[in-house]
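The values are calculated or read from the model by the stated rules, or taken from the named source; none is laboratory data. A quick note: this is a predicted structure, and the numbers were derived from the prediction, not measured. A quick note on method: Cβ atoms are made from the backbone with ideal geometry, for glycine too, and the neighbour counts reach across all protein chains shown. Keep in mind that these areas ignore ligands, DNA and RNA; they rest on the heavy atoms of the full protein, side chains included. Shrake-Rupley method; radii C 1.70, N 1.55, O 1.52, S 1.80 Å.
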Amino acid sequence: MTNPTFDPRPGYTDPAGYPPYGGVPVPYIRASLGGRAVAYLLDLLFILVFTAILGTAIFFVGIVTFGLGWTLFPILGVSGILYSAITVGGSKQSTIGMRMMGLRVVAPESGRPVDMLTAAVHALLFYVAISTFLLWCLDILFGLVRADRRLGHDVLLGLAVVRV
């Protein structure tokens, strides 16, 4: 019989004996708001690189197609949403910044992965909230008053950001 190790986090249960995200209630493995903020700042750098690569590719496609490919430049405006849809909707269920911070996006009741469309809508709602100060404050307020630390756009879509 093993003795459980002391963990200073209140309400934390060691998920080692549980199936990945299937049996552990979300409040016990929730992500901190600080970790999410740092993950977002890291993701801003990755989105910048992704946008630069995408812009360069569109530029060269435009040269090859005699300017026709340059009509794809408006895609750069939604590159952050594309980045989130590809990474969160992928097999790792997290953006690169979230992976660096040990976070993952799941459905809170079942722990199931998020599909690409839901990940894109999640990113869109986040960017709408962050672009308006009042909505951003309301979104953060949700995370501060809820025990599971889910933000407003997480609650609207039925998602949770959890620690790996």
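The table for this structure:
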read-out	value
In the range 97-118, residue farthest from V49 (Cα to Cα) [restricted to those that are open to solvent by less than 60 Å² (accessible area, probe 1.4 Å) and more than 9 Å from the chain's Cα centre (by Cα)]	S110
Scan of the range 33-58 for residues that are more than 26 Å from V105 (Cα to Cα) and surrounded by 14 or more Cβ atoms within 10 Å (Cβ to Cβ), ordered by number	G55, I58
Candidates S110, S94, filtered to the one that is part of a loop (DSSP other than H, G, I, E, B) and under 15 Å from I47 (Cβ atoms)	S94
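To keep it simple, each residue is scored yes or no on (1) without any contact (Cβ under 8 Å) to a residue 24 or more places away in the chain; (2) over 20 Å from G35 (Cβ atoms).
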site	(1), (2)
V106	no, no
L124	no, yes
A129	no, no
W136	yes, no
G143	no, no
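The rows are residues; the columns are (1) open to solvent by 20 Å² or more (accessible area, probe 1.4 Å); (2) modelled with pLDDT of 90 or more; (3) under 22 Å from G55 (Cα atoms).
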{"position": "G69", "(1), (2), (3)": "no, yes, yes"}
{"position": "L82", "(1), (2), (3)": "yes, yes, yes"}
{"position": "V121", "(1), (2), (3)": "yes, yes, no"}
{"position": "L124", "(1), (2), (3)": "yes, yes, yes"}
{"position": "L141", "(1), (2), (3)": "yes, no, no"}
{"position": "L144", "(1), (2), (3)": "yes, no, no"}
{"position": "R149", "(1), (2), (3)": "yes, no, no"}
{"position": "V155", "(1), (2), (3)": "yes, no, no"}
